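Everything on this sheet refers to the single structure shown next.
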Amino acid sequence: MPAPGQERRRQAALGGLVPTGAVARAGDTLALALVVEVHPEGAVLPLLVLSDAPGLLGWDPSQGLSVRDDAGREYEAGALAQQAGLGALQTAAWIEPAPPPDARSLRLEITGLMRTAVARGGGGVERPLAGDVWELEIDLVPGRTAVDPPPEPDGAGPEGRPARVPARTYGGFRDLVPIGQARMAEGAAVCLWALERYEDRAVLSFGTLADEPLRVGPVTPGAGTVEVWDDRGHRYAVAPIHGAARPGWSETSLEIAPAIDPAARALGVRLSGLPCEGAPPSGGEPLAGPFTFGVAVPPPA
């Protein structure tokens, strides 16, 4: 059986993106909401957890995610996809119904975050993360994040290289830059979510939605190109970290290096050659593009 909302996450059903810079800290763990992706029957909440606790992180949103809006309406939650690692966990949660037009905010309570500690003699022991509850407040009527893309610097960008491991660290996290912008193509949508700023790098996340017969994939080395530059004349190296794909959608996270210039107030982001199957005429052509975004960058927190 498909996960809740799996068959309802399509380009034709996309009602919009809500940028959010919501971050909650409790104990030695951070929880971040990257965007709100709205559909007629529900919404997708890409959530990120970073922890300084040792071990592999785990979480079940159907048991540990409570969502209500400013009018007190409650929402059911489930998981669409999840990528777990040491110290980092990214989950695409589905909530339903969709927030109504009169909703002005969502309040998320995250509980039940676990880590698997390696026991003597092998095997693992699940232990709850210190902090108990992580509370996120998402403004459903945020300010604009879109600006004109800055002029491109002369010359080619830095050569690509493998992303460092781990790219996301609790100790290195600085703040979250909301984006929540989308670009449309025939039968598909490219949705830029958010930019996480770290001490010596950044991480950019986006999703791609499609309608049948198209099937879209995440960016991987050799499949898809992402270019990033700022209004200070810098180009940045881009390397895929991880991705997930299901019929109708895909998700990609990318390492941006070095860290975004603290004086930068705008970024240009261009995505091209995005992986796509079922596109006419050959059935394997990249998604039509390129897709260019201009992103407002606030001063570092």
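Remarks
- Residue within region 205-215 that is at pLDDT 95 or above and more than 17 Å from ALA12 (Cα to Cα) present: yes
- Single residue of PRO218, PRO240 found to be under 18 Å from the mean Cα position of the chain (by Cα), in contact (Cβ under 8 Å) with a residue 12 or more places away in the chain and not in a strand (DSSP E or B): PRO218
- Listed by position, the strands (runs of 3 or more DSSP E) enclosed by region 30-142 that each have at least 2 residues that are under 24 Å from ILE179 (Cα atoms) and either at pLDDT below 95 or open to solvent by less than 70 Å² (accessible area, probe 1.4 Å) (or both) are 35-39, 42-51, 65-69, 74-85, 88-96, 105-110, 134-139.
- Candidate set from region 78-110 (those that are over 19 Å from ALA245 (Cβ atoms) and aliphatic (A, V, I, L, M)); member that is nearest to the chain's Cα centre (by Cα): ALA88
- In the condition set (1) in contact with a Lys or Arg (Cβ under 7 Å, 6 or more places away or on another chain); (2) not in a strand (DSSP E or B), PRO150 is compliant with all but (1).
- Residue within region 166-175 that is assigned to a loop (DSSP other than H, G, I, E, B) and without any contact (Cβ under 8 Å) to a residue 12 or more places away in the chain present: no
Residue-wise test of (1) among the basic types (Lys, Arg); (2) in contact with a Pro (Cβ under 6 Å, 6 or more places away or on another chain); (3) open to solvent by 40 Å² or more (accessible area, probe 1.4 Å).
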residue	(1), (2), (3)
ALA223	no, yes, no
ASP230	no, no, no
ARG235	yes, yes, yes
ALA259	no, no, no
ARG265	yes, no, yes
PHE293	no, no, no
PRO298	no, no, yes
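- Test: residue in region 230-246 that is closer than 20 Å to PRO150 by Cα, touching a Leu at 6+ places or on another chain (Cβ under 7 Å) and not hydrophobic (A, V, I, L, M, F, W, C): yes
- Taking the conditions (1) at pLDDT below 95; (2) open to solvent by less than 70 Å² (accessible area, probe 1.4 Å); (3) under 15 Å from LEU254 (Cα atoms); (4) out of contact with any Asp or Glu (no Cβ under 6 Å at 6 or more places or on another chain) in turn, VAL177 satisfies each one other than (1).
The values are calculated or read from the model by the stated rules, or taken from the named source; none is laboratory data. No experiment lies behind these values; they were computed from the predicted model shown. Note that each Cβ is placed from the backbone with ideal geometry, even for glycine, and that neighbours are counted across all protein chains shown. The protein model used for the area step is the full one, side chains on, heavy atoms only, and it has no ligands, DNA or RNA in it. Shrake-Rupley method; radii C 1.70, N 1.55, O 1.52, S 1.80 Å.
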